[in-house]
Amino acid sequence: MSNMEKHLFNLKFATKELQRNSKKCDKEEKTEKAKVKQAIQKGNMETAKIHAENAIRHKHQSINFLRMSARVDAVSSRVQTAVTMNQVSKSMSGVVKSMDATLKSMNLEKISALMEKFETQFETLDVQTAQMEDTMGNTTTLTTPQNEVDTLLHEMADEAGLDLNLELPSGQISSLASSVASTEQDELSQRLSRLRDQVS
């Protein structure tokens, strides 16, 4: 296995590792959601809010890992093509040498910077990757959007069969209500069509 093939293997391995981290964050999100519900049932709103913030953070982190996984995968495909067509430039080889430790770190910012170096080695740097970079930048912040936290608190309260009197913006309440109403409407339509089928 040549050096370049070894690095290519590491890129593919990193893609899978990032996907695994994304799934791990999904599990953490579910755990935190369950804790939100428990805290609400006990009437401990402060604790519920902390767990809701954690859940939202894990959700965003999961999306970030998934995005980066797709990005590393795209770079991996391009390196594969370059290797196959014998087009590995000296500068690309230089970037590759610094790659292994960065990928192992699973640090999204470092991997992002590395992918950027890679992408500049390819003449056809597509717009999509640049857009993805912008989105990544916007979502890697540690703050959790308050409206998402409030919405999650309400969802968990609904599941627990409790009524929350949080100060939600009126627009949000109506959108929550309308989504519930449309779900009920769908169920009603399905029941009616089943009844019609039975009659005919």
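Residue-wise, which Karplus ³J(HN,Hα) couplings in Hz belong to the stretch 57-64, taking 6.51 cos²θ - 1.76 cosθ + 1.60, θ = phi - 60°, and x for glycine or proline?
Each residue of the stretch 57-64 in turn: 5, 5, 4, 5, 5, 4, 5, 4 Hz.
Applying the Karplus parametrisation 6.51 cos²θ - 1.76 cosθ + 1.60 with θ = phi - 60° to the phi angles of the stretch 20-25, what ³J(HN,Hα) value in whole Hz is obtained for each residue in order, glycine and proline being reported as x?
Whole-Hz 3J(HN,Hα) from phi for the stretch 20-25: 4, 4, 5, 5, 4, 5.
What length, rounded to one decimal in nm, is gained on full extension from K30 through to K6, with 0.36 nm per residue of separation minus their alpha-carbon distance? Intermediate values should be presented prior to the final figure.
Working: separation 24, 0.36 × 24 = 8.64 nm, distance 3.65 nm.
Full extension from K30 to K6 adds 5.0 nm.
Could you rank T120, T15, T47 by how accessible they are, 1.4 Å probe, largest area first?
Values: T120 100, T15 10, T47 50 Å².
Order by accessible area, largest first: T120, T47, T15.
What Rg and what Dmax come out for the stretch 1-111 when only alpha-carbon atoms are used, in angstroms?
Rg then Dmax for the stretch 1-111, in Å: 19.3, 65.
Order the peptides 147-160, 20-33, 60-73 from the highest to the lowest mean number of other Cβ atoms within 10 Å of their residues. Don't skip to the end; give the middle numbers.
Numbers: 147-160: 18.4, 20-33: 16.4, 60-73: 20.0.
Those peptides, ordered most packed to least, come out 60-73, 147-160, 20-33.
Counting Lys and Arg as +1 and Asp and Glu as -1, what is the net charge of the other residues whose Cβ lies under 12 Å from the Cβ of A14?
Its environment carries a net charge of +3.
Among I50, N21, H60, which residue has its Cα positioned farthest towards the positive end of the charge dipole of the stretch 1-111, with +1 placed on the Cβ of Lys and Arg, -1 on the Cβ of Asp and Glu, and the dipole taken about the Cα centre?
I50
The values are calculated or read from the model by the stated rules, or taken from the named source; none is laboratory data. Here the structure is a predicted model, which is why all the values come from computation and not from measurement. We place every Cβ from the backbone using ideal geometry, glycine too, and count neighbours over all the protein chains shown. Please note that ligands, DNA and RNA were not included when accessible areas were found on the heavy atoms of the full protein model with its side chains. Shrake-Rupley method; radii C 1.70, N 1.55, O 1.52, S 1.80 Å.
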